[in-house]
Amino acid sequence: MHHVPRTPPETLQRARQQALAHGLHHVYTGNVYDQAGQSTYCPGCGTTVIEREWYRLGAYRIDDGGRCLACGHQLPGVFDGPAGDWGRQRMRVVIE
């Protein structure tokens, strides 16, 4: 799809805002730099529970059971121990 122009970051951010305004909780922008759109927020209190900047993890405010450390709200997903510290390193994944 190299012949199709890239979607402007503003369009992706606007689409994310519309999805959030309609009640979706975990909506992300990808393939563009948008720290707010890459991070995960608690739907209970709005705290940033997983802060992301590209592939680097920043703040990680979820306990091992998947609860927000600020308000105790249960987040969907599987959480296993503290977040790793890999920096901006990427790992190749092969699915067979």
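The values are calculated or read from the model by the stated rules, or taken from the named source; none is laboratory data. A quick note: this is a predicted structure, and the numbers were derived from the prediction, not measured. So basically every Cβ, Gly included, is an ideal-geometry build from the backbone, and we count neighbours across all protein chains shown.
Among the residues of the stretch 74-89, are any of a type in the set (Asp, Glu), in a loop (DSSP other than H, G, I, E, B), surrounded by 10 or more Cβ atoms within 10 Å (Cβ to Cβ) and free of Cβ contacts under 8 Å to residues at least 24 places away in the same chain? First the steps, then the outcome.
Residues of the stretch 74-89 of a type in the set (Asp, Glu): 80, 85.
If we keep only those that are in a loop (DSSP other than H, G, I, E, B) too, we end up with 80, 85.
Those still in the list that are surrounded by 10 or more Cβ atoms within 10 Å (Cβ to Cβ) too: none.
No, there is no match, as no residue in the stretch 74-89 is of a type in the set (Asp, Glu), in a loop (DSSP other than H, G, I, E, B), surrounded by 10 or more Cβ atoms within 10 Å (Cβ to Cβ) and free of Cβ contacts under 8 Å to residues at least 24 places away in the same chain.
Yes/no matrix, rows are residues, columns are (1) among the basic types (Lys, Arg); (2) out of contact with any Leu (no Cβ under 9 Å at 6 or more places or on another chain); (3) loosely packed, with under 14 Cβ neighbours inside 10 Å:
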position: 14; (1), (2), (3): yes, yes, yes
position: 23; (1), (2), (3): no, yes, yes
position: 29; (1), (2), (3): no, no, no
position: 42; (1), (2), (3): no, no, no
position: 46; (1), (2), (3): no, yes, yes
position: 72; (1), (2), (3): no, yes, yes
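Please specify each residue of the stretch 5-27 satisfying the condition of being touching a helix residue (DSSP H, G or I) at 6+ places or on another chain (Cβ under 6 Å) and in a loop (DSSP other than H, G, I, E, B).
Residue satisfying the conditions is 27 alone.
Applying the selection to the stretch 20-36, what residues are within 18 Å of residue 77 (Cβ to Cβ), modelled with pLDDT of 90 or more and among the small types (Gly, Ala, Ser)?
Listed by number, the list is empty, since nothing qualifies.
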